[in-house]
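The values are calculated or read from the model by the stated rules, or taken from the named source; none is laboratory data. These numbers were taken from a predicted model, which means no experiment stands behind them. Cβ sites come from the backbone with ideal geometry, for glycine too, and all protein chains shown count toward neighbours.
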Amino acid sequence: MRTNDEINAEIAALTAMKPKVRRHAHFGDDNHAAIEAQIRALTERFDDDDIWDEWPEEEDEEECRERDCARDAVNWMTGDVDDAPSKDWADLVTE
């Protein structure tokens, strides 16, 4: 499990980079909604049950992406993956 300081630093990083990431991806996905899902998952310290409660499986494709991004954040927060969510967005940041 990441420390509160690590989680708070990641929330700050995602919050700072969100306005610098193009709102919509090439295929129309809402990048800002995906980042916001990650911020929420970290801020509220979601677990898998919280994610599935928020974004049930029967939701549309866009909300599925939000769920997947939130799961990525939770997996990082719990130490299941090494790379922080902000690393995935770094290539999409524009100045």
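For region 58-80, the condition holds for at least one residue, the condition being that it is closer than 18 Å to Arg2 by Cβ, in contact with a helix residue (DSSP H, G or I) (Cβ under 9 Å, 6 or more places away or on another chain) and not in a helix (DSSP H, G or I).
His32 falls short on exactly one of the conditions (1) within 23 Å of Thr94 (Cα to Cα); (2) more than 12 Å from the chain's Cα centre (by Cα); (3) free of Cβ contacts under 8 Å to residues at least 24 places away in the same chain, and that condition is (2). Working carefully through the options Trp89, Trp76, Trp55, find the one that is free of Cβ contacts under 8 Å to residues at least 40 places away in the same chain and within 14 Å of the chain's Cα centre (by Cα). Testing whether each residue is free of Cβ contacts under 8 Å to residues at least 40 places away in the same chain and within 14 Å of the chain's Cα centre (by Cα) leaves just Trp55. Taken over region 47-56, residues that are farther than 11 Å from Ala73 by Cα and surrounded by 13 or more Cβ atoms within 10 Å (Cβ to Cβ) amount to 4. The C-beta contact set for region 11-27 (first residue in contact (Cβ under 8 Å) with a residue 60 or more places away in the chain and closer than 12 Å to Trp89 by Cβ, second residue acidic (Asp, Glu) and not in a helix (DSSP H, G or I), distance under 9 angstrom, 6+ apart or interchain) comprises Lys20/Glu95. The residue of region 1-46 that is surrounded by the fewest Cβ atoms within 10 Å (Cβ to Cβ), among those that are among the acidic types (Asp, Glu) and either in contact with a Pro (Cβ under 7 Å, 6 or more places away or on another chain) or modelled with pLDDT of 95 or more (or both), is Asp5.
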